[in-house]
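Reading through the C-alpha cells given below for one structure.
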Amino acid sequence: MAHPLEDLIDARIRAAQQDGAFDDLAGQGKPLAPEDDPENALLNRLMRENGAVPEFVSLSRELERLRAELLDTDDRTKRADILKEMSMMDAKIDLARKAYGR
C-alpha cells in the first residue's frame, strides 16, 4: 500500500519538472561516478559531505590534543593522568581500526 503523501510528492516533482527546476543541474547528462561500495554509496557521500570521519580518525585527533596538553603541563599528577588517558586512547584507536577494516 502506498503512503498517502506519495501522490502529493509525485505531483510536486512533475510540476517542478514542467517548470524547469531540474534543468541545468551540475553533472546533467554525465554518468554517475563509480562507487567502491554501491550498497552504502549514499551514506558514504552524506558522511563525506558533512565532514564525518571514521572513529579511529577522531580518536587520533584526540590523542594529538592529549600529547599537546602533556607538553604544556609541568604538574606531575596531571601528567600521570594524561599518560593514562593516552594509553587508553591508543587501545581505543587499535580497536576502532580493527573494526573499520572489517
| request: Identify the single condition in (1) part of a helix (DSSP H, G or I); (2) in contact with a Leu (Cβ under 9 Å, 6 or more places away or on another chain) that Thr77 does not satisfy, given that it satisfies every other one. | output: (2)
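Yes/no per residue for (1) loosely packed, with under 10 Cβ neighbours inside 10 Å; (2) touching a strand residue (DSSP E or B) at 6+ places or on another chain (Cβ under 7 Å); (3) touching a residue at least 40 places away in the same chain (Cβ under 8 Å):
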position	(1), (2), (3)
Gly20	yes, no, no
Asp23	yes, no, no
Glu55	no, no, yes
Arg67	no, no, no
Asp72	yes, no, no
Asp81	no, no, no
| message | Condition check: among the charged types (D, E, K, R), part of a loop (DSSP other than H, G, I, E, B), more than 15 Å from the chain's Cα centre (by Cα) and under 30 Å from Ile93 (Cα atoms). Does Asp36 satisfy that? | response | yes
| field | Candidates Arg67, Arg61, Arg45, Arg97, filtered to the one that is assigned to a helix (DSSP H, G or I) and either β-branched (Val, Ile, Thr) or modelled with pLDDT of 95 or more (or both) | value | Arg67
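Taking region 58-102 only, how many residues are of a type in the set (A, V, I, L, M, F, W, C) and closer than 30 Å to Asn44 by Cα? Before you say what the answer is, go through the steps one by one.
Filtering region 58-102 down to residues of a type in the set (A, V, I, L, M, F, W, C) leaves 59, 63, 66, 68, 70-71, 80, 82-83, 86, 88-89, 91, 93, 95-96, 99.
Filter once more, keeping what is closer than 30 Å to Asn44 by Cα: 59, 63, 66, 86, 88-89, 91, 93, 95-96, 99.
Qualifying residue count for the region: 11.
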| field | Yes/no for Ile82 being under 30 Å from Asp37 (Cβ atoms), part of a helix (DSSP H, G or I), of a type outside the set (D, E, K, R) and in contact with a helix residue (DSSP H, G or I) (Cβ under 7 Å, 6 or more places away or on another chain) | value | no
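The values are calculated or read from the model by the stated rules, or taken from the named source; none is laboratory data. As the structure is a computational prediction, the values presented were derived from the model and not from experiment. Note that each Cβ is placed from the backbone with ideal geometry, even for glycine, and that neighbours are counted across all protein chains shown.
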